[in-house]
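The values are calculated or read from the model by the stated rules, or taken from the named source; none is laboratory data. The model shown is predicted, which means the values in this text are computed figures rather than measured ones. Cβ placement follows ideal geometry from the backbone for every residue including glycine, while neighbour counts extend to all protein chains displayed.
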Amino acid sequence: MSENKRKIAILGGGVGGITTALELTRPELRDKYDITIYQLGWRIGGKGASGRNLEQGCRIEEHGLHVWAGLYDNAFRLMRGAYEELGRAPDAPLATWLDAFKPCEVVALEEKYNGEWVSWVIEPPTNDQLPGDPEAKLFLPFWSYIGEAFGFVLDRLKTSHRKRHEKRTSGAGFFAGLFFRLFYYTALTLTEIVSLAFYTVYEVGHLLTSTVGRLLPKFVRGGVYAIFHLLQRLGIWFVQGLVRFHWRRAKRHMDDLGARQAWIFMNFGVGFLRGIIDDDLFRKGFDSIEHLDFREWLGKHIVDDAHPGAEGESLTLRSPLARFLYDADFAYVNGDLDKMRFSAGAAVYTLFRLGLTWKGAVIWRMQAGMGDTIFTPAYQILKQRGVKFEYFQKVTKLETAGKSIDGIEIATQAKIVDSQIAYQPLVEVRGLDCWPSEPDWSQLVDGEKYAAEGIDFEDWCSPHLGTRTLVRGTHFDDVVLGISLGAHPYICGDLIDHSDDWKKMVDNVATIATQAGQLWLTDTTYEMGWTHPGHPLLATYDSSNFDTWADMTELLVREAWPGVGDESPLSIAYFCGPMQEKPLPTTPHGPKQSCEELDQKSANQTIRRRFTTFLEDEMYRLWPRGSNRGQFDWDRLVDNRPGSNRGAARLESQYFRANVQPTERYVMSLPGTSEHRLQPGASGFDNLYLAGDWTWSPFNGGCVEGATISGMLAANAMSGLPKIDSIVGLTFGWGSYEERLKKARREQGRAEAR
């Protein structure tokens, strides 16, 4: 039977490639494809890979900080299916998906005002929905939004009242407190009422374009839409008039944190919705503002609130609400914090989805490493379904002489001791199958030699044993390219030479190196000086490029630190951010770097030096008890290495990673670049399909959901499954995906004809 199956070569085991494999091996298709995944190094995961350091408490070491948004309906649906199919014992670690994911209880956003950093501590709301339900729709039931709106307002009122009560000892009187509570109530309620009204009008517009709506004459549909659009504009005009009225009275109170937060929430929310209405984005599509930067677009629709406390700039545009998406997507050109750039179309879509379509919780936190939580179940399911994995296989070239991929050149990095047995990649840590941070050297020929030399098989320039070429018709029929965009200038030269679309993509869709650091501490986060409750996820602390921090102490139960007599951590802290770098050298095939610039060990040392400065100069604000007379207390770091390590030398026992490798660079969403992203099913080559967050998706940004949708679209283009209308959120605000795909193929055909 296997001889009749179509042979599929999936290049790269990131979210996009793994999603494609899961979709192509669903029960309806299980006898159609013979799939092999070719993977650089010893583990799958791509930019989401993680490993266990078996010599240091089996600690989790990530490529960065990863959380899942409650809007990830497609990604959650895939993982819920994987956990159900895996069928772990009820008492096993991470037995179900609800054991593997927990709602994020505390989010902290940092604001710099009058030269001082101030924390906005927010407890995100929850609802009774669950992401990834098989029958889930994009939007929640209407009454759910009403409950969330009032819950949010009440929570903000409680916070405001508590802050005002704390300040009464400094002279704030009863009438001042009453004013701020009323101001808070009015500001937040206005924002929520506008959101609900806007949602209602959107649903009416959606009904007009549905099957039922299309039965009406075109002029009737157009007239009804025009009336509702006019009502939207009148409503937002009236509400913004109230916002301006508030600003004239509230601007002299902006030194009060509660009043300032209320104002920014109101101005941001109303301005955001006004921009959607004024620009008629649900009719014209988010593409219509792709050429703008998000803050540039937002600035056209908010009330001008330039203020001395914000160094003369807009309070709202400098606020955490306007900045956090830039931090989440590393949206800084070359890692320069003064060069914030994010496509307005992608940003508005993401924020609208984040605000109105999340399920259960706004943010979900994984209860182990991303490798353990996501890629272990996916790997085990795919193995059960007959998918083959070939590790230590570095793709070096895709070969084409025209309209198809005819060969795939692969460098073999290492050989397995027993060639009859596939490499076994997982290790067990406290009952959970995990990916190690290094290969199992005992399974490799000359493994001890590689280990002694410190060979890193994930370094693009690491040595290899030789190359071979996979041939179309013999080794594969179709190819799924799941390797990220940063590597395309190195491996896709033939494609770029044969296709203007590929050339435009590699020249215009930019990537950026990112950086990550993890600390294991002998004290709790509270003892370090962060006194707010819960385990915070903190962003917008842009005093350095380590602008995002998370307390990940809940992961200690998944690690295996020694007992009494050795140092063991009481808390874990993750940091990440964009890495400062020079502009990449340009070549005819796109941006490329030399092996000297890609040296992983050197890059990691650079990050460690920068992090040393960050801890000494900046962390006193977040961890005031972790510093002694302005100097970071290095003895608070867990260091179980032999010898007596003192001072900053203890930092060498912690974990740092510079994501500089071509396959690991983050794909940016710069203004005007989404149009250059290729469709997963329109590569321009007959047997080539694309999967990853670098292809076109509704998000057009680096996120799990975007990569998942891309993998689903690649599988659909190959097999017809999953059905397009089953992919949640695919056409919302972007129009028909089938029409977009047809247009892309027509343009490719015209380009070939020229």
Query raised in the report: Does residue 433 meet the test of being out of contact with any Gly (no Cβ under 9 Å at 6 or more places or on another chain), outside any loop (DSSP other than H, G, I, E, B), surrounded by fewer than 22 Cβ atoms within 10 Å (Cβ to Cβ) and touching a residue at least 40 places away in the same chain (Cβ under 8 Å)?
Result: yes
Requested in this report: Please specify each residue of region 570-597 satisfying the condition of being in a loop (DSSP other than H, G, I, E, B), closer than 26 Å to residue 324 by Cα and in contact with an Asp or Glu (Cβ under 8 Å, 6 or more places away or on another chain).
Outcome: 580
**Report entry** Hits in region 577-603 - residues which are crowded, with 16+ Cβ neighbours inside 10 Å and out of contact with any helix residue (DSSP H, G or I) (no Cβ under 9 Å at 6 or more places or on another chain)
**Finding:** 599, 600, 603
Query raised in the report: Considering 11, 29, 24, which residue is within 30 Å of residue 576 (Cβ to Cβ) and modelled with pLDDT of 95 or more?
Result: 11
**Report entry** Selected residue (criterion: nearest to residue 370 (Cα to Cα)) from residues of region 33-65 that are part of a strand (DSSP E or B) and acidic (Asp, Glu)
**Finding:** 62
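Determine if region 624-631 includes at least one residue that is surrounded by 15 or more Cβ atoms within 10 Å (Cβ to Cβ), farther than 17 Å from residue 61 by Cα, modelled with pLDDT under 95 and out of contact with any helix residue (DSSP H, G or I) (no Cβ under 8 Å at 6 or more places or on another chain).
Checked region 624-631: at least one residue is surrounded by 15 or more Cβ atoms within 10 Å (Cβ to Cβ), farther than 17 Å from residue 61 by Cα, modelled with pLDDT under 95 and out of contact with any helix residue (DSSP H, G or I) (no Cβ under 8 Å at 6 or more places or on another chain).
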Query raised in the report: Residue check: is residue 417 touching a residue at least 24 places away in the same chain (Cβ under 8 Å), farther than 30 Å from residue 125 by Cβ and among the β-branched types (Val, Ile, Thr)?
Result: yes
Query raised in the report: Can you name the residue in region 404-429 that is in contact with a strand residue (DSSP E or B) (Cβ under 6 Å, 6 or more places away or on another chain) and of a type in the set (Val, Ile, Thr) and is also nearest to residue 49 (Cα to Cα) among such residues?
Result: 427
Query raised in the report: For residue 451, all conditions in the list (1) within 26 Å of residue 88 (Cβ to Cβ); (2) touching a helix residue (DSSP H, G or I) at 6+ places or on another chain (Cβ under 7 Å); (3) in a helix (DSSP H, G or I) hold save one; what is the number of the exception?
Result: (1)
Query raised in the report: Looking at region 14-22, is at least one residue of a type in the set (S, T, N, Q) and either surrounded by fewer than 20 Cβ atoms within 10 Å (Cβ to Cβ) or in a helix (DSSP H, G or I) (or both)?
Result: yes
Query raised in the report: Considering region 515-539 alone, what residues qualify as being under 26 Å from residue 330 (Cβ atoms) and in a loop (DSSP other than H, G, I, E, B)?
Result: 530, 532, 534, 535
Query raised in the report: Among the residues of region 434-441, is there at least one that is over 25 Å from the mean Cα position of the chain (by Cα) and either more than 23 Å from residue 374 (Cα to Cα) or of a type in the set (S, T, N, Q) (or both)?
Result: yes
Query raised in the report: Taking the condition surrounded by 15 or more Cβ atoms within 10 Å (Cβ to Cβ) and farther than 30 Å from residue 324 by Cα, does residue 75 pass?
Result: no
